[in-house]
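Contents: one structure, followed by commentary.
The values are calculated or read from the model by the stated rules, or taken from the named source; none is laboratory data. Every value quoted in this text rests on a predicted model; they were computed, and no experiment measured them. Every residue, glycine among them, receives a Cβ derived from its backbone with ideal geometry; neighbour counts consider all protein chains shown.
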């Protein structure tokens with residue numbers, strides 16, 4: 001038996017690979033990615049080996065194999081011989097690779113997220129015993145701001161905040177069409193906004209909130225070179241600088257610890273599944289106020305306050321720049337929706353609920369380089 005896996009070098013993907021290796025099933029895990037096998041090996045082993053997570057049994061990394069693919073090409077650019085070799089004994093095909101860019105170009109997102117999914121399903125056609133496990137996102141619910149989103153819901157009736165959501169929605173539709181055409185089983189896993197439980201070490205793939213924190217820090221550092229006020233803020237001065245951001249102050253967003261998500265996904269993938277598509281929300285049982293997230297982004301700078309306002313009237317140049325940098329996150333401030341988790345809870349058995357997402361843990365997760373861990 002063997003497993004194939006795309007996206008192993010990403011923030012979630014490397015955690016999932018570690019979970020699979022920690023289960024000590026003896027399965028070979030073939031990483032499908034860009035670059036030659038040696039480059040892939042270096043990147044994946046560095047990420048998996050440096051992560052905190054379940055302990056790896058001796059020789060776990062020896063179960064990894066590496067194959068170069070191109071997600072934008074039919075059948076991932078693999079030759080018939082490569083397909084035959086890869087799919088021999090293949091029991092699951094994880095598709096975790098994606099372009100996660102809330103302000104990305106629609107064409108690039110389509111190539112990466114839609115055509116990439118099509119190529120993975122074409123490979124699954126050649127592996128009759130393999131179940132595709134597609135990593136989507138809870139944000140395929142788009143602009144729907146209220147109500148309880150069921151795991152069976154998949155609709156574009158509300159539209160989308162950003163092209164990324166639409167590309168993942170379209171990719172899910174491909175999975176459903178494939179399952180209907182083949183009569184086979186597929187699993188769709190929909191995580192929400194994932195965060196680490198502490199700052200991600202330099203050189204490892206970062207989570208979206210960490211990337212936003214680095215953007216904020218970069219803006220302040222650039223200003224500090226020409227503005228004494230910004231310099232004092234960065235250096236822990238007693239000044240206060242308030243930045244207004246457009247959005248709904250009472251909005252919420254579903255935030256989940258990445259380690260919990262990876263453990264839940266690995267369990268869910270091992271659970272039996274009936275023919276057709278089984279969709280699971282890998283989400284937190286409780287939403288997090290958007291203001292809590294903004295507070296965490298500002299936490300490293302004692303004098304910085306990020307304030308959500310319904311109407312950003314006459315923004316300062318700094319406020320306009322910051323709103324542009326955080327635009328993808330601010331779009332979700334209108335949300336009050338919740339997520340059904342019935343399928344997830346049934347699949348993961350006795351896995352306890354994740355711990356609360358607090359301001360303190362978000363501050364640790366989004367601390368920029370050089371900030372104290374706390």
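Data overview
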{"quantity": "Helices (runs of 4 or more DSSP H) contained in the range 63-143 and holding at least 3 residues in contact with a strand residue (DSSP E or B) (Cβ under 8 Å, 6 or more places away or on another chain), buried (at least 21 other Cβ atoms within 10 Å of the Cβ) and assigned by TED's automatic domain parsing to the domain that holds residue 16", "calculated": "116-125"}
{"quantity": "Scope the range 144-165; condition touching a helix residue (DSSP H, G or I) at 6+ places or on another chain (Cβ under 8 Å), under 21 Å from residue 331 (Cβ atoms) and touching a residue at least 24 places away in the same chain (Cβ under 8 Å); matching residues", "calculated": "145, 149, 154, 161, 162, 163, 164, 165"}
{"quantity": "Residue check for residue 359: free of Cβ contacts under 8 Å to residues at least 60 places away in the same chain and over 21 Å from residue 146 (Cα atoms)", "calculated": "no"}
{"quantity": "Of the criteria (1) touching a residue at least 40 places away in the same chain (Cβ under 8 Å); (2) under 16 Å from residue 5 (Cβ atoms), which one residue 40 fails", "calculated": "(1)"}
{"quantity": "Elements of type strands (runs of 3 or more DSSP E) in the range 230-349, at least 3 residues being at negative phi and surrounded by fewer than 21 Cβ atoms within 10 Å (Cβ to Cβ)", "calculated": "241-246, 304-309"}
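A quick yes/no check of all residues on (1) in a helix (DSSP H, G or I); (2) outside the structural domain of residue 264 (by TED's automatic domain parsing); (3) touching a helix residue (DSSP H, G or I) at 6+ places or on another chain (Cβ under 7 Å); (4) modelled with pLDDT of 95 or more:
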| residue | (1), (2), (3), (4) |
| --- | --- |
| 169 | yes, no, yes, yes |
| 174 | yes, no, yes, yes |
| 178 | yes, no, yes, yes |
| 181 | yes, no, no, yes |
| 188 | no, no, yes, yes |
| 200 | no, yes, yes, no |
